[in-house]
1. Identify, by number, the condition in (1) in contact with a Lys or Arg (Cβ under 6 Å, 6 or more places away or on another chain); (2) at pLDDT below 95 that Asp255 doesn't meet.
2. Which residue, of Gly38, Gly34, is touching a helix residue (DSSP H, G or I) at 6+ places or on another chain (Cβ under 7 Å), open to solvent by less than 10 Å² (accessible area, probe 1.4 Å) and more than 16 Å from ligand 1 (Cβ to nearest atom)?
3. Quick check on my filter: what residues within region 89-111 are open to solvent by 10 Å² or more (accessible area, probe 1.4 Å) and within 14 Å of ligand 2 (Cβ to nearest atom)?
4. Within region 1-43, can you find the residues that are within 30 Å of Ser61 (Cα to Cα) and either at pLDDT below 95 or not in a helix (DSSP H, G or I) (or both)?
5. Any residue at all in region 246-256 that's acidic (Asp, Glu) and more than 22 Å from the chain's Cα centre (by Cα)?
6. Please name all residue pairs, on different chains or six or more residues apart, with Cβ atoms under 9 Å, provided the first residue is in region 184-208 and is more than 18 Å from Val139 (Cβ to Cβ) and the second residue is of a type in the set (S, T, N, Q).
7. All but one of (1) in a loop (DSSP other than H, G, I, E, B); (2) within 16 Å of ligand 1 (Cβ to nearest atom) hold for Tyr48, so report the exception by its number.
8. Out of the residues in region 2-31 meeting the condition of being within 16 Å of ligand 1 (Cβ to nearest atom) and of a type in the set (S, T, N, Q), tell me which one is least open to solvent (accessible area, probe 1.4 Å).
Amino acid sequence: MNPIMISQVKNLLSDKDQPIAIVTHTNPDGDALGSSLGLYGFLLLSGYKRVSVITPDRYPSFLQWMAWEQEIVVADQDQAKAEAAILGAKLVFCLDFNGINRVNHLEETLRNAKGKKILIDHHPQPEDEFDIVFSNTNVSSTAELVFYFIAALGGEMTMDVRVAECLYAGIVTDTGSFSYGCNEPKTYEITAKLIALGVDGEHLHRLIYNTYSADRMRLLGYCLSEKLKVLPEQNAAHISLSAKDLKRFNHQEGDTEGVVNYAMSIENIHLAALFIEKEDHVKISFRSAGVVDVNMLAREYFNGGGHRNAAGGKSFDSLEVTIRQFEDVIKKGQLKK
Ligand code: 5GP
Ligand code: MN
């Protein structure tokens, strides 16, 4: 962490009574929530009295065990409260996203916020709309960066097991349980410190991964047996779900989380996509292996972005047209290594 920027942040944090907001991206995942609540907990434990955590929308039930989760202001449910917290804050921490449009219907509010915006994030190409930027694409997760941030502020001893659990959840979910994006020894050193603080890794794994509803498990089975299409020539595969499919399996927030990764488990598949038909758009998740760059694919063709090997986007065409467009792009070989 850049020491000049850290000393700027220390100055900005000198008043413990000032209002502070922590904002994360739309469709919050384990890292979005874990890094935000970890920072929130740390600030509370450090004596800051007026801190808010805001998410644009709801998050999956398998993340609802985190400490302080009940205190999150979900803009979808209380837009006025979310806006007031952001507009009233002297400091706005922006966690796990690289562009203001990632906060969905809070975009205007965040742009208009007068407080200093501090970005902590690990996505490539952060926009220059933030006042202080802690961005590093070589770390596993924003949660890992929040650990460094807290340590750089001299707060490592202030962390308790609840903060550690939040940060651990961020690291575990953003690395697919330590299977990608975690080839740096540092990640394991941080993880060891979190375990030393009392995190029970096995217990958290069960809370995050072994709490499927029967409907969710059946939806996964249906995806794999009925909806998976393999394009061997392109080393690619995709899965698509219509609104009707989702209804059939009583779809709940988070039920399709991780589905795209199964396509990546097929031998010789280096690119996978998951298409989900929403009310007014198709939501897309991309995953890739090695040098296949899905951040570029999402940015160029599907109004999105993300990391090189994990990205997302959306399309305003029909499900069928969107899938055809994806197949056309990869058949033209525009993604070849
Ligand atoms: P997921 O497929 O799990 O929704 O997202 C994978 C990664 O891509 C995450 O890091 C997420 O932040 C990013 N991502 C997902 N959707 C979008 C999008 O619409 N725009 C951008 N810029 N990033 C996205
Ligand atoms: Mn992340």
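1. (2)
2. Numbers: Gly34 fails: more than 16 Å from ligand 1 (Cβ to nearest atom).
Result: Gly38 is the single residue among Gly38, Gly34 that is touching a helix residue (DSSP H, G or I) at 6+ places or on another chain (Cβ under 7 Å), open to solvent by less than 10 Å² (accessible area, probe 1.4 Å) and more than 16 Å from ligand 1 (Cβ to nearest atom).
3. Listed by number, the residues that qualify are Asn98, Arg102.
4. Let us first name the residues in region 1-43 that are within 30 Å of Ser61 (Cα to Cα), namely 19-43.
Selection gives Pro19, Ile20, Ala21, Ile22, Val23, Thr24, His25, Thr26, Asn27, Pro28, Asp29.
5. Quick first cut of region 246-256, residues acidic (Asp, Glu) only: 253, 255.
Pick out the ones that are also more than 22 Å from the chain's Cα centre (by Cα) and you get none.
No, region 246-256 contains no residue that is acidic (Asp, Glu) and more than 22 Å from the chain's Cα centre (by Cα).
6. Partner pairs satisfying both residue conditions: Val199/Thr191; Gly201/Thr191; His205/Ser177; Ile208/Thr173; Ile208/Ser177.
7. The one condition Tyr48 does not meet is (2).
8. Going residue by residue through region 2-31, those that are within 16 Å of ligand 1 (Cβ to nearest atom) are 23-31.
Okay, now just the ones that are also of a type in the set (S, T, N, Q), so 24, 26-27.
Values: Thr24: 0, Thr26: 18, Asn27: 72 Å².
Taking the candidates together, the pick is Thr24.
The values are calculated or read from the model by the stated rules, or taken from the named source; none is laboratory data. Note that this is a predicted model, so its numbers are computed, not measured. Note that each Cβ is placed from the backbone with ideal geometry, even for glycine, and that neighbours are counted across all protein chains shown. Quick note on the areas: whole protein, heavy atoms, side chains included, nothing else; ligands and nucleic acids left out. Shrake-Rupley method; radii C 1.70, N 1.55, O 1.52, S 1.80 Å.
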